[in-house]
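Asks: Encoded as structure tokens, here's the structure I'll be asking about.
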Amino acid sequence: MKTPRAEHIVASNRRAFHDYHVLETFEAGIALMGTEVKALREGKANLQDSFARIEGGEVLLYHSHIQPYSHGNIQNHDPLRVRKLLLHRQEIQRLLGKTQERGLTIIPLKLYFNNAGRAKVELALARGKTGPDKRESMKRREADREIQRGIRERQKA
């Protein structure tokens, strides 16, 4: 009997929480070439500045960088190629409606291998933050840190 594997995170987009209000998250498969999968297993991916767009009834991931496989040959993949995301038709229609009518964006939060060993992308439906929103987030984070410091100091005393 096989023991279940833990989820293995390859890349995460930590900046997304700084730049966007994340409203909803969902999981999508990703169509990859063989050398891309091997490069992901080496942990060579970057989701900074990447986003997803719906075109022709398909969800496509742009600007996600997967380095060429270290032991690859001339048939290695293009690091910045557009990759197709695998979602159910109903999910795509729902996303299309929300992004068109409300002005929301689809951004990837993390790229990982699930328990079955399949490459997955966690996508978020998000709204961009403005300057005052970012300052408010930083103030809230700083206040939380001060509270935690106070709790730790009281526990030590």
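The values are calculated or read from the model by the stated rules, or taken from the named source; none is laboratory data. Nothing here was measured: the structure is a model prediction, and the numbers come from that model. Counting neighbours? That spans all protein chains shown, and the Cβs are built from the backbone with ideal geometry, glycine included. The protein model used for the area step is the full one, side chains on, heavy atoms only, and it has no ligands, DNA or RNA in it. Shrake-Rupley method; radii C 1.70, N 1.55, O 1.52, S 1.80 Å.
Asks: Looking only at residues that are among the hydroxyl-bearing types (Ser, Thr, Tyr) and either closer than 19 Å to Arg15 by Cβ or assigned to a helix (DSSP H, G or I) (or both) in region 36-81, which one is modelled with the lowest pLDDT?
Replies: If we take residues in region 36-81 being among the hydroxyl-bearing types (Ser, Thr, Tyr) and either closer than 19 Å to Arg15 by Cβ or assigned to a helix (DSSP H, G or I) (or both), then Ser64 is modelled with the lowest pLDDT.
Asks: Can you pull out the residues in region 97-122 that are in a strand (DSSP E or B) and closer than 21 Å to Gln67 by Cα?
Replies: Ile107, Pro108, Leu109, Lys110, Leu111, Tyr112, Phe113, Ala119, Lys120, Val121, Glu122
Asks: Another question about this same structure. Since Arg94 meets every condition but one in (1) open to solvent by 60 Å² or more (accessible area, probe 1.4 Å); (2) in a helix (DSSP H, G or I); (3) at pLDDT below 85; (4) more than 21 Å from Gly117 (Cα to Cα), which condition does it not meet?
Replies: Among (1) open to solvent by 60 Å² or more (accessible area, probe 1.4 Å); (2) in a helix (DSSP H, G or I); (3) at pLDDT below 85; (4) more than 21 Å from Gly117 (Cα to Cα), the lone unmet condition for Arg94 is (3).
Asks: Can you tell me which residues in region 127-137 are closer than 20 Å to Leu109 by Cα and assigned to a helix (DSSP H, G or I)?
Replies: Asp133, Lys134, Ser137
Asks: For region 99-121, give me the residue count where each residue is of a type in the set (D, E, K, R) and surrounded by fewer than 15 Cβ atoms within 10 Å (Cβ to Cβ).
Replies: Within region 99-121, residues that are of a type in the set (D, E, K, R) and surrounded by fewer than 15 Cβ atoms within 10 Å (Cβ to Cβ) number 3.
Asks: Also: If a residue must be within 23 Å of Glu7 (Cα to Cα) and open to solvent by 40 Å² or more (accessible area, probe 1.4 Å), how many such residues does region 44-62 contain?
Replies: Looking only at that region, the number is 4.
Asks: Also, quick follow-up: Restricting the search to region 74-105, which residues are over 30 Å from Gly34 (Cβ atoms) and in contact with a helix residue (DSSP H, G or I) (Cβ under 9 Å, 6 or more places away or on another chain)?
Replies: Leu104, Thr105 - these are the residues of region 74-105 that are over 30 Å from Gly34 (Cβ atoms) and in contact with a helix residue (DSSP H, G or I) (Cβ under 9 Å, 6 or more places away or on another chain).
Asks: Those residues that are among the hydrophobic types (A, V, I, L, M, F, W, C) and surrounded by 14 or more Cβ atoms within 10 Å (Cβ to Cβ), I need them from region 5-21; list them, please.
Replies: Scanning region 5-21 gives Val10, Ala11, Ala16, Phe17.
Asks: Hey, another quick one. Only one of (1) open to solvent by 70 Å² or more (accessible area, probe 1.4 Å); (2) modelled with pLDDT of 90 or more; (3) aliphatic (A, V, I, L, M) is not met by Met33, so which one is it?
Replies: For Met33, the failing item is (2).
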